[in-house]
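Have a look at the structure below before the remarks.
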């Protein structure tokens, strides 16, 4: 079991948390008339973290404005539980960014892991950047008509450049035929 | 048969709490998400083909609620890992946690579902409604970044 799992093993529902949640669920479901007795929701004990207060205070103006705007948006977008389907394709979906990931050039810092190698190869008139390390490539990106495209290998550790080129060529063919 | 809150909580509580914690990185918000997820489950009473379907549904809901909460809270920094969560003798666990915490949300959620819950990249893509190739690339980048930070001392293969 790796260390991450060991960290997560310490995240558990405590008895206090369990009681609190069950009481709050009872109160919430009771609001719908499922229960006759309405139970007051249990508030968690707040531990004052002054460092957090200081951090919040330093950005209070921007956060308050943002929270007001967001709360108005969320209230407008809140969906009635009756419309909540098992597919979870409606209500409260996070606006997932559908764009393919982009990759940082070799040696640069950023949100993504730096890669050791970046090779540009022209395929059918398009410059394609291949990313990888130790002679194996696992990702590629290119631009056609202003649209960004990317492809990754099935093997998470990477494949040869020739295999990666074949994957890209296949993807390009799919795009052309769509 | 209508699901009983305590049964669902006891069965899925830890799992959902960990999913939420992986996003929000503090117990208070994670508890809120667990509670909200269970309320949605009990109110909508969806029908499932099997237990795996039920579990995937719950994880999807918890993930979406967590990401909504991240946007709402505009969380930029996570609370310090509660000392009670990590035994003092295993301080290296907090080091691992710090490394994971530093990943972008899109990588963190994939790391959690892959390593903690054991889902394949295809299942993760379906649950999170993301492109499978993007999920794989996020997992790969996360592994490389974690290996670099942890200097291959820990198993993240």
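Readers should treat all values here as calculations from the given coordinates under stated rules, not as data from a laboratory. Note that the structure is a prediction, hence the values are computed from the model and not measured. So basically every Cβ, Gly included, is an ideal-geometry build from the backbone, and we count neighbours across all protein chains shown.
Observations, loosely collected:
- Judged by the gyration tensor of its Cα atoms, with axes a ≥ b ≥ c, the range B:1-74 is prolate; a/c meets the 1.5 cut and a/b is the larger of a/b and b/c.
- In nm, spacing of pseudo-spin labels at residue A:136 and residue B:14 (7 Å Cα→C-beta vector): 3.4 nm
- Within 10 Å of each Cβ in B:60-70, the average number of Cβ atoms from other chains: 3
- Cβ-Cβ FRET estimate between residue A:173 and residue B:101, R0 fixed at 41 Å, reported to 0.05: 0.50
- Inter-probe distance in nm under a simple model that places probes 7 Å from Cα toward Cβ, at residue B:72 and residue A:5: 3.3 nm
- The mean count of C-beta atoms from other chains within 10 Å of the C-beta of residues in B:29-37, rounded to a whole number, is 3.
- Gain upon complete extension [residue B:47, residue B:147; 0.36 nm per residue less C-alpha separation]: 31.9 nm
- R0 of 41 Å, Cβ-Cβ distance residue A:160-residue B:129: FRET efficiency to nearest 0.05: 0.80
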